[in-house]
Structure formats: structure tokens, C-alpha cells
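Read-outs throughout are calculated quantities, based only on the coordinates presented, and are distinct from any laboratory measurement. Computed from a predicted structure; not experimentally measured. Cβ placement follows ideal geometry from the backbone for every residue including glycine, while neighbour counts extend to all protein chains displayed.
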Amino acid sequence: MDDQEPQKPRRVRYKGTHPKSFKEKYKELQPEQYADDVEKVKQQGKTPAGMHRSICVNEILEILKIVPGQIGLDATLGYGGHSLEMLKCLVPGGKLYAIDADPIELPKTRERLAALGYGPEIVDIRIMNFSGIERIYLESGPLNFVLADLGVSSMQIDNPERGFSFKIEGPLDLRLNPKSGKSAAALLKSITEEELEELFAVNSDEPYSEQIAEAVVNRIKRGMKIETTTQLQEIIKESLGFILHDKRKEEVKKSCQRCFQALRIAVNDEFGALDKFLEKLPDALVSGGRVAILSFHSGEDRRVKKSFQSLFREGIYSEVAPDPIRPSAEECNTNPRARSAKLRWAIKA
Ligand SMILES: C[S@@+](CC[C@H](N)C(=O)[O-])C[C@H]1O[C@@H](n2cnc3c(N)ncnc32)[C@H](O)[C@@H]1O
């Protein structure tokens with residue numbers, strides 16, 4: 001009948017008492033509607049689905065010393081948590097440029113920030129790679145501060161369609177921008193055993209790179225498909241069958257983490273992008289301008305440290321972090337994804 005109330009959509013059903021898959025976590029995916037449920041997930045030390053918890057926020061604000069009216073860049077917008085805090089320090093009169101290579105998450109973040117009152121007049125959000133940072137500063141003029149929080153966001157890791165996690169079945173993609181470049185599955189089809197061994201060893205210090213590369217390339221030569229995250233995870237597991245039983249589970253997990261990370265670094269040319277960004281950074285900053293970079297593995301941290309220290313010796317930076325800053329024990333307890341973070345900073349001379 002016409003005057004009947006429209007039926008509410010049925011809630012998603014899941015087995016047991018807690019949702020397990022990404023799609024079942026419909027409450028976490030709608031934080032505006034289910035704020036209490038989202039808070040409960042955070043209290044358990046977990047990151048709610050579709051969200052990212054920003055790391056070292058206070059430490060970063062202390063380094064950047066943002067004041068109203070300044071112009072800055074968030075080179076890795078992600079969920080926009082750091083951007084939001086930086087925006088609060090900028091007003092009135094300032095401007096934030098915020099970029100990210102990911103065209104899937106970026107529009108959602110733009111909408112979230114606009115709903116909080118930060119529209120295009122104060123935050124200029126663009127889909128782009130930070131390797132092309134000159135496109136920003138040639139337009140904006142020299143910046144007072146720059147932040148880069150490297151790697152991937154929790155939204156990207158948790159979404160099975162992106163293929164970032166070996167724990168969840170999904171296409172073996174691993175691209176920040178799925179419309180650009182080659183997926184990890186395509187890369188595996190075209191790589192030699194020697195190249196793959198080097199990729200695992202160089203990008204992630206994988207100790208079993210030889211055995212894993214041999215197993216992967218052999219399977220492909222025999223016509224087997226490696227197109228999903230769990231297919232690759234199974235091959236890694238089989239190739240490590242020689243490890244003693246009581247150590248094997250943990251070693252397989254660590255190798256999966258490292259090999260997925262190595263493939264992600266390769267398909268997104270993460271080291272190439274970071275090197276270009278670090279090289280162009282001094283030109284992006286005003287004298288006295290500040291930069292903070294959060295890294296999550298040794299390959300990234302080594303590059304940041306080397307660049308900051310050599311530009312310091314050349315007198316281009318007047319001050320650099322003597323040692324990396326680590327998140328507090330409390331932050332690591334409430335957000336285990338913070339555990340590997342290292343924060344470095346520099347000030348332009
Ligand atoms: C750890 S997250 C950033 C989280 C963010 N700071 C926050 O508070 O929500 C890293 C982000 O950097 C982006 N990213 C990684 N490499 C990039 C690059 N070369 N250029 C632009 N964005 C990049 C990823 O797509 C991801 O969204």
C-alpha cells in the first residue's frame with residue numbers, strides 16, 4: 001500500500017557474535033551512525049574497518065610548529081587524520097595542500113574533511129604522487145611545512161579488493177592507484193627467478209628470497225595461476241616446508257608480510273618516488289621551513305636518514321633529527337600498527 005512506511009534494509013547477518021569480513025563490519029564502515037561501536041573497537045586496540053588511526057600526531061605537531069596563516073603540504077593524505085590536526089593549527093588564514101596517489105580513498109577523505117568544515121578554500125586536495133611535489137610548490141610558493149606518513153593506510157590494507165593483505169582473499173593487486181602501472185599478479189607473470197629473488201631481498205630483506213622466488217616462478221612456468229593473495233600465501237607456505245615445525249608458522253607469517261611488502265614497493269615504485277621527493281624537498285620549503293617523515297621499514301628509514309644527513313652536511317638543512325622518534329609504548333599498545341614507525345625531521349637553513 002502507498003501509505004506504508006518503506007521497509008528498512010535488513011541488517012547484514014554474520015556467523016557468531018562478531019563480524020569477521022570487511023563487508024560484515026557495516027557499523028564500523030558508518031562511524032557517523034555507530035560512533036559507540038567504533039569507539040569500542042578502538043578501545044580493544046583495533047582499527048575500525050574503513051578508518052585509519054594517525055600515528056605520532058602530537059610528536060608531529062610539535063616538530064612542525066604550525067601557526068595560523070601558514071601554508072603547508074600533507075604529502076600522504078590517507079584518512080586525513082594528520083591533515084585535520086594540521087588544519088586546526090592553520091586557521092585563520094592558512095592553507096593546506098593535501099595529496100595522495102590513491103583515487104579510491106581520496107574522494108571519501110575530501111568529503112569527510114568538508115563535512116568537518118574544511119572545504120576547498122582552506123584545503124586543496126589532489127590525486128597525485130609525491131614524487132611530483134614541484135607541481136605544488138611552483139604553484140603555492142615555498143611551504144612552511146611538509147608531512148609525509150609513508151606506506152599504506154588501514155583502509156587500503158583492510159579492503160580485500162585492493163589485495164594488500166595476505167590474510168584476506170582478494171586479487172593480487174597491491175597498487176595505490178589501480179588505474180596506473182602493473183598489478184602484482186601481472187608483475188609475477190613477467191619476472192625472472194633471479195629478478196624476483198633480488199626484489200624480495202632488496203625491498204624487504206627477505207631471508208628466504210631464493211626458495212620463495214624459485215617456488216613462485218616454477219609454478220608460473222608450469223601454467224599455474226597466481227592471481228589472488230591467498231594463492232601467493234599458499235606458495236610461500238609450501239616453499240618454507242623445510243623449516244622446523246615449531247618455528248614454521250611464525251616464519252611463514254613473517255615471510256608473507258615481507259614478500260607482500262616487497263611486491264607493494266615494486267608495483268608502486270615506492271623507493272623511486274621517495275628518492276625523488278627527498279631530493280626536491282629543500283626547494284619546496286621556505287628558510288626555517290620544517291619537514292616530518294614517518295617511515296615504517298628500514299628501506300624507507302635508511303633513505304630518509306641518508307638524505308637528511310647529507311643535506312645537513314651540505315648546509316641545506318640547518319638542523320635534522322639526531323635519532324628517530326618512536327611512538328610511545330602507550331600508543332603502540334592502543335594501536336599495534338604504530339610499532340614499526342620511526343619519525344625523522346629536518347629544518348631548512
Ligand atoms: C599511512 S597512510 C597516511 C595516513 C594519514 N597520514 C592519516 O592520518 O590518515 C599513507 C598514504 O600515503 C599514500 N601514498 C603512499 N605513497 C605515495 C606517493 N608516492 N604519493 C602520494 N601518496 C602516497 C597512500 O596511498 C596512503 O593513503
Can you give me the orientation-averaged projected area of the convex hull built on the Cα atoms of region 31-168, in nm²?
9.0
With viscosity set to 0.890 mPa s at 25 °C, what whole-number translational diffusion coefficient in µm²/s follows for the chain from Stokes-Einstein and a Kirkwood radius over Cα pairs?
112
Amide H within-cut-off set for residue 97, under 5 Å, with H built and near neighbours excluded:
72, 73, 74, 124
Region 177-267 - convex hull of alpha carbons, volume per residue in Å³
88
Work out the charge dipole of region 177-267 with +1 on the Cβ of Lys and Arg and -1 on the Cβ of Asp and Glu about the Cα centre, then indicate which of 212, 181, 243 is farthest towards its positive end.
181
Using Stokes-Einstein with the Kirkwood hydrodynamic radius over Cα pairs, what translational diffusion coefficient do you get for region 79-231 at 20 °C and a viscosity of 1.002 mPa s, in µm²/s rounded to a whole number?
119
Given the -39500 (n - 2.57) contribution per DSSP H run of 4+ residues, what per-residue ellipticity at 222 nm results for the chain, rounded to the nearest 500 deg cm²/dmol?
-13000 deg cm²/dmol
Using +1 on the beta carbon of Lys and Arg, -1 on that of Asp and Glu, and nothing else charged, what's the dipole of the chain about the Cα centre, debye to 20?
620
Just to be sure I follow: if Rg is taken over the C-alpha atoms of region 93-157 and Rh is the Kirkwood radius over the same atoms, what is Rg/Rh?
0.95
Pull out the extension gain between residue 254 and residue 225, defined as 0.36 nm times the separation in residues minus the alpha carbon to alpha carbon distance; nm, one decimal.
8.1 nm
What net charge do the residues around residue 248 carry, taking every other residue with its C-beta under 13 Å from that of residue 248, with Lys and Arg at +1 and Asp and Glu at -1?
+1
Quick one: order 304, 252 by neighbouring beta-carbon count within 10 Å, fewest to most.
252, 304
Separation of region 75-144 and region 206-227 by C-alpha centroid, Å?
40
Longest span of the chain, sites excluded, free of GluC sites (Glu not before Pro) in DSSP loop with at most 11 other C-beta atoms within 10 Å?
122-313
Treat the count of other C-beta atoms within 10 Å as a stand-in for reagent exposure and order 109, 192, 230 from fewest to most.
192, 230, 109
Where is the GNM fluctuation largest for the chain (alpha-carbon springs, 10 angstrom cutoff): 283, 158, 37?
37
Return the single residue from 87, 61, 77 with maximal mean-square fluctuation; model: Gaussian network over the chain, springs between Cα atoms under 10 Å.
61
Of 132, 80, 289, which has the largest mean-square fluctuation in a 10 Å C-alpha GNM of the chain?
132
Rounded to a whole number of µm²/s, how large is the Stokes-Einstein D of region 161-210 at 10 °C and 1.306 mPa s, given Rh as the Kirkwood radius over C-alpha pairs?
133
Considering only C-alpha atoms, what is the centroid distance from region 171-199 to region 235-265, in Å?
18
Flagged as over-length at 22 Å C-alpha distance, from 189/249; 182/276; 182/221; 167/276; 108/280; 95/305, the pairs are 189/249; 167/276; 108/280; 95/305
Regarding region 230-312, what whole-number volume in Å³ per residue does the convex hull of its Cα atoms give?
119
For a footprinting-style exposure proxy, rank 47, 76, 229 by other Cβ within 10 Å, fewest first.
47, 76, 229
Please figure out what share of the DSSP beta bridges in the chain is antiparallel and state it in percent, rounded to the nearest 5.
40
